Ligand code: AP5
């Protein structure tokens, strides 16, 4: 079974998808992480994506489709994938349906993590990432361990102005996916993401029933 985690920037998709992947033995497919890795390595994909990402805009769909197809074909994704940051708009959702159909896979559920907007802005301004492992921390709610505190970095797109633009892009392009999946009769579950990381994770595990 494959699963989509949907939610605004900063809602906790990355945090939860890592925890759930480990707990449920599924593969996390996070398009934002794949793109940031390409930017860090200076690949052609990274060069193409960077300007869109720094501006808080979506990277063109055609670029994203290739990434998702190849991540989903990896042996690690056979037991099930957790999509984090994909799909991001209706054309991406339609493409995902096509790819899953071709591969004989099913989308089991969509989990929407709901968090109030001002909390999202605070979360993103305090977010820090470990460039070596990709693990995500927060300077107040989830501080990095002392041995790696010196190497964590802030994302280029976490400046407040860019964060507010990313939230607008989410409302315009991504939020409509909730009704898209409700109409497609895929189970859509809402969880309150303004609670502790552990509580959110346990609620999701309970909902998807694995
Ligand atoms: P992407 O990396 O997908 O970013 P996003 O969707 O904007 O989401 P974030 O990573 O900002 O937040 P999150 O929900 O994962 O929260 P997190 O767990 O980190 O995309 C970045 C860019 O790449 C896009 O703008 C676009 O340009 C491009 N892109 C990516 N995918 C694309 C696609 N499919 N199509 C086109 N373009 C694409 O948590 C945030 C902070 O809060 C952390 O510090 C964390 O420690 C903390 N936190 C989390 N949960 C809690 C909690 N319960 N309580 C307290 N603190 C918490």
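Read-outs throughout are calculated quantities, based only on the coordinates presented, and are distinct from any laboratory measurement. Remember, predicted model here, so these are calculated numbers, not experimental data. Every residue, glycine as well, gets a Cβ built from its backbone with ideal geometry; the counts of neighbours run over all protein chains shown.
When both region 193-210 and region 83-156 are represented by their alpha-carbon centers, they are found 15 Å apart. Per the Cα gyration tensor, region 106-210 maps to an equivalent ellipsoid with semi-axes of 28, 19, 12 Å, ordered largest to smallest. A simple spin-label model places the labels of residue 190 and residue 118 2.0 nm from each other, with each point 7 Å out along Cα-to-Cβ.
Pairs of alpha carbons in region 159-210 separated by more than 13 Å make up 70% of all such pairs.
Kindly provide the Kirkwood hydrodynamic radius of region 79-151 in Å, to one decimal, from all pairs of distinct alpha carbon atoms.
Details: mean 1/r = 0.0650 Å⁻¹.
Radius from the Kirkwood sum: 15.4 Å.
Counting only DSSP beta bridges with both residues in region 1-157, tell me the antiparallel percent, nearest 5. Counting only bridges with both partners in region 1-157, antiparallel ones make up about 30 percent.
In the chain, the calculated helix contribution to ellipticity at 222 nm averages -14000 deg cm²/dmol per residue, counting -39,500 (n - 2.57) for every DSSP H run with n ≥ 4. Which whole-number percent is the relative contact order of the chain (Cα, under 8 Å, 6+ apart)? The normalised contact order for the chain reaches 31 percent.
In this rough spin-label picture, where each label sits 7 Å from Cα along the Cβ direction, the residue 100-residue 149 distance is 4.3 nm.
For the chain, with equal point scatterers placed on the C-alpha atoms only and solvent neglected, what are the log10 I(q)/I(0) values from the Debye formula at q = 0.09, 0.12, 0.15, 0.18 1/Å, to two decimals? So the normalised log intensities are -0.32, -0.60, -0.98, -1.51. Peptides 109-121, 176-188, 4-16 ranked from most to least packed, by the mean per-residue count of other Cβ atoms within 10 Å: 4-16, 109-121, 176-188.
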